[in-house]
Every structure is written in C-alpha cells, then in structure tokens.
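Nothing in this text is a laboratory measurement; each read-out follows from the coordinates by a stated rule. What you see is a predicted model; the values in this text were computed from it and never measured. Note that we place each Cβ from the backbone using ideal geometry, even for glycine, and neighbour counts take in every protein chain shown.
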Amino acid sequence: MTRRRLGVILFVIILGCIASLYWAMSHVHLYMSSEVIQVEQPKINDELARSTVEGSSARRLQLIQQQLMARTSLQNIIEKYDIYANLDALKASEKITLLRQSVSINGVAAAREGFADDGTISVLTITAQMEQAQLARDVAHEFAEQTRALMTAQRRDQTEQTLAFFQQQEQVVIDNMAALEAELETYRRENDLSVEGGVEFRLSEVAQLNEAILELDREIISSELARTQIDRTARASTVAREERTLDGQLETLTEQRSLLDQRRAALRETIQGSPETQRALADFDRRMEQLRNQLEAIAGRRNQAQVGFNLEVGLQGERLTTIEEAQVPDYPITMSKKKRAIMGAVAATGLAFVIAWLLELRRPVIRSARQMKRETGVMPVVSIPELAPKYQSSKWRKAREKRRAAGKAGRAARLARQT
C-alpha cells in the first residue's frame with residue numbers, strides 16, 4: 001500500500017510539514033512572572049491595643065481585587081506600560097479583557113485555630129502572563145504595588161473615619177450639655193432660683209446647717225452658763241473683763257447662728273417651692289446625667305479609635321510585605337517552536353497514512369492468493385504476478401484493461417455458479 005500510495009503520502013507529509021512550520025513560527029510565546037506577598041499580623045496584641053479595622057483580611061483583599069480589576073485601573077496600566085501596542089486592531093474594551101484574563105490574584109488561607117475559620121489570608125500571589133519577559137515582571141510588580149498601597153489606604157481611611165465620627169459625636173454631646181446648662185441658667189433666672197444644686201443637694205445642706213446651728217446653740221448655752229458662774233466676789237475689774245469676754249463670744253456665736261439660720265430658711269423656701277419647679281429641676285438634672293453618661297461612653301470609644309488610628313499611622317497594624325519579588329522569567333511557559341513543528345510533522349505523517357488507507361478502502365482489489373481465499377473462500381490454483389513493461393504504449397494499456405475486465409467478469413460468474 002505504501003508503494004502504491006507513495007505519491008499521496010509524500011504530498012500530504014510535505015504539505016503538513018509546511019503547515020506545521022507556519023503554525024510554529026506564527027505562535028507567540030508567553031512569559032509568566034509572579035510576586036508573593038505575605039499578610040503580616042499586627043505587631044501589638046489586640047488585647048493590648050485593638051485596631052478599629054473590622055472584617056477579615058480575605059474580604060478586604062477581595063474588595064481590593066475588585067478595585068484593581070476595574071476598567072479605569074486596567075486602562076491606566078495598559079497606557080503606562082504600552083501593553084498590546086502591536087495589536088492595533090483591538091478595541092480598548094478588548095485589551096482590558098485580555099489584561100484581566102492575563103492577571104490572576106490568588107490567596108492562601110491561614111491555618112485554622114480550632115474549628116473556626118476567621119477568613120485570614122496568609123499569602124497572596126499575583127501572577128501575570130505577557131508576550132515579553134520584562135513586561136510580565138513589570139505588570140506583576142505593578143499590581144503588587146497597587147495592592148499594598150490600596151491595603152494601607154483602606155485601613156487608614158477606615159480608622160480615620162472612625163476617629164472622626166466619635167470626635168464629632170463627642171462634640172455634639174458637649175454642645176448639648178452647654179445648651180442644657182444655658183437653658184437651666186435661663187430657667188433659674190426666670191423663676192428667681194438663686195440657690196444652685198438639686199433638691200437632694202439642698203436637703204443635705206439643710207441637714208448640715210441644722211447640725212451646725214445645734215452646735216452653736218450648745219456653745220451659746222455654755223457661754224451663758226459660764227457668765228452666770230462668774231465669781232462676783234473677785235475684784236470688779238476682773239469680773240468686768242470676764243463678762244466682756246463672754247459677751248463677745250455670745251455675740252459672735254449669735255451672729256453665726258443668725259447667718260446659718262438665714263441660709264437654712266432660704267434653702268427651705270427653695271425646697272418648699274412649687275411642684276412644677278421641682279419637677280423641672282429634676283428633669284434638668286436627669287438630662288444632664290444622661291449627657292454625662294453619653295459623653296463618658298463616647299470618650300472611651302474615641303480613645304479606642306485614636307489608638308487604632310495611631311497603630312495604622314505608625315504601620316503597627318496588619319500590613320502586606322513582599323517575600324518574593326517578581327523576577328524576569330528566563331523561559332516561556334508555552335511549548336517551543338521546535339516541538340510544535342515536530343508535532344505537526346508527526347501529525348501530518350499519520351494523516352498521510354490514514355488518507356492512503358481510506359483510498360485503499362475506496363477501491364477494494366484482490367491482490368494475493370491469501371486475500372482471495374479470505375474474501376471468497378476459493379483457493380486459486382495459480383497466482384501470476386503482474387508484469388508490466390518499462391514503457392507501456394496506450395494500445396498495450398487498453399488491452400490490459402480489457403483483460404482485467406474479462407477476469408473480473410469470469411470471477412463474478414464463478415461466484416454466481418458456486419452460490
């Protein structure tokens with residue numbers, strides 16, 4: 001069969017080799033470069049100084065990846081490195097799609113602590129595939145730089161916004177307290193309430209005044225008793241001196257008692273005022289206490305937000321560190337042109353023999369005694385090979401065709417008689 005179809009086989013092999021060479025030479029190699037980034041945990045324990053950045057690192061990195069793969073970001077990278085400059089027929093959207101397919105960002109989850117998965121990423125790998133080795137390295141490094149910058153900016157913005165929110169809330173509470181104090185002062189002035197403090201405070205002050213007045217009364221009684229016990233038999237000057245001393249003490253104690261009594265009376269008048277006034281003052285006290293509690297709670301949260309902001313500004317929180325920088329690849333990741341040409345030649349050879357076999361099936365001719373017995377069940381007595389002269393005339397070829405036709409007719413007749 002190979003000798004009979006040698007021309008077809010050689011033609012298909014030569015044509016296939018030419019096509020495989022063209023296919024190998026027209027193929028463009030792809031180079032791959034990767035940069036590995038490690039997600040470092042905060043340097044300070046969260047129990048000592050907690051950051052205000054919430055959410056897992058996987059979710060934050062997913063948001064960053066969406067920002068990197070956005071149309072505007074990819075368009076800027078294409079313009080910066082002049083990617084796909086040789087493909088003028090491509091539109092801008094097609095170039096963006098190609099770049100999005102050529103860059104991949106993969107994260108490796110950190111080891112679990114127990115059975116809970118906190119969504120922490122330990123390693124982030126950024127891979128770029130380009131037609132040029134240097135371009136693949138530059139693109140991978142550019143995506144890594146933007147990832148680190150976006151991560152830092154995202155954490156800092158979040159902590160800054162948290163701190164600004166609590167500072168604003170604290171200022172709002174302080175303004176409310178100042179407004180309430182002004183309202184209370186206006187109410188006191190309108191209702192002629194000169195005594196400051198709440199009802200409980202005034203009651204406690206009245207109790208203290210009562211104790212002080214009682215003590216003064218005791219001292220007055222003691223002074224009066226001492227005056228009655230002066231020795232009148234002594235000299236007149238001595239008696240007069242002792243009387244003047246005791247009279248001065250009584251006068252001082254009496255004045256003090258009078259002042260304390262006036263203060264006690266004023267307090268009692270304020271306490272015995274109208275129930276509406278008492279309820280209004282109690283309401284002012286309650287509202288002021290609520291504002292103080294709010295201010296204390298907000299101040300505590302504001303301090304925590306300030307600590308978180310200081311951590312991010314000082315780069316003490318979670319951050320991204322390059323542990324393996326992108327390098328210029330030495331070899332392409334695609335198959336070499338030589339291998340492609342060899343594969344094409346092997347495929348062309350196989351196709352040539354398949355075509356030759358199909359041509360043989362298309363014209364089934366009995367060419368040997370064994371084939372005759374297998375096909376018809378009749379064993380020929382004599383097998384005469386075809387002896388063709390070196391130079392055959394057209395008349396000889398016509399005679400040969402007639403003999404072949406007669407032989408076929410005879411074989412067909414014999415087959416018919418046998419059946």
Residue separation times 0.36 nm, minus the C-alpha to C-alpha distance between Glu145 and Ala207: what's the value?
15.0 nm
Among Lys91, Lys373, what is the fewest-to-most ranking by other Cβ atoms within 10 Å?
Lys91, Lys373
Pop the C-beta distance of Lys80 and Gln306 into the FRET formula with R0 = 51 Å and round what comes out to the nearest 0.05.
0.85
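What is the fewest-to-most order of Phe165, Phe284 by other Cβ atoms lying within 10 Å of their Cβ?
Working: Phe165 14, Phe284 17.
Ranking Phe165, Phe284 by Cβ neighbours within 10 Å, fewest first, gives Phe165, Phe284.
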Can you list residues from other chains, or at least 5 along the same chain, whose modelled amide H is less than 5 Å from the amide H of Arg319?
Glu40
Taking amide H positions as placed 1.01 Å from N in the peptide plane, with prolines and chain starts having none, which residues 5 or more places from Val123, or on another chain, fall under 5 Å of its amide H?
Val39, Val108
Simple label model, 7 Å out from Cα along Cβ direction - Leu63 to Ser26, nm:
4.8 nm
In the neighborhood of Ala179, defined by Cβ-to-Cβ distances under 13 Å, what is the net charge if each Lys or Arg adds +1 and each Asp or Glu adds -1?
-3
Chain lengthening between Gln294 and Phe165 when straightened (0.36 nm per residue, less Cα-Cα)
45.0 nm
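For the stretch 141-187, take N as its residue count and report Rg(C-alpha) divided by 2.2 N^0.38 Å. Walk me through the intermediate numbers first.
On the way: Rg = 20.3 Å, N = 47, 2.2 N^0.38 = 9.5 Å.
Normalised Cα radius of gyration, the stretch 141-187: 2.14.
Calculate, for Glu40 and Lys337, the FRET efficiency according to 1/(1 + (r/R0)^6) with r their C-beta to C-beta distance and R0 41 Å; round to the nearest 0.05. Could you put the intermediate results ahead of the total?
Details: r = 44 Å, r/R0 = 1.07.
With a Förster radius of 41 Å, E is 0.40.
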Which ³J(HN,Hα) values in Hz, rounded to whole numbers, follow from the phi angles of the stretch 284-297 under the Karplus curve 6.51 cos²θ - 1.76 cosθ + 1.60, where θ = phi - 60° and Gly and Pro get x?
4, 4, 5, 5, 5, 5, 4, 5, 5, 5, 4, 5, 5, 5
Amide H within-cut-off set for Glu131, under 5 Å, with H built and near neighbours excluded:
Tyr31
Which ³J(HN,Hα) values in Hz, rounded to whole numbers, follow from the phi angles of the stretch 209-219 under the Karplus curve 6.51 cos²θ - 1.76 cosθ + 1.60, where θ = phi - 60° and Gly and Pro get x?
5, 4, 5, 5, 5, 4, 5, 5, 4, 4, 5
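What is the extension gain from Ala399 to Thr252, computed as 0.36 nm multiplied by their sequence separation minus the C-alpha to C-alpha distance, in nm to one decimal?
Working: separation 147, 0.36 × 147 = 52.92 nm, distance 16.86 nm.
Between Ala399 and Thr252, full extension yields an extra 36.1 nm.
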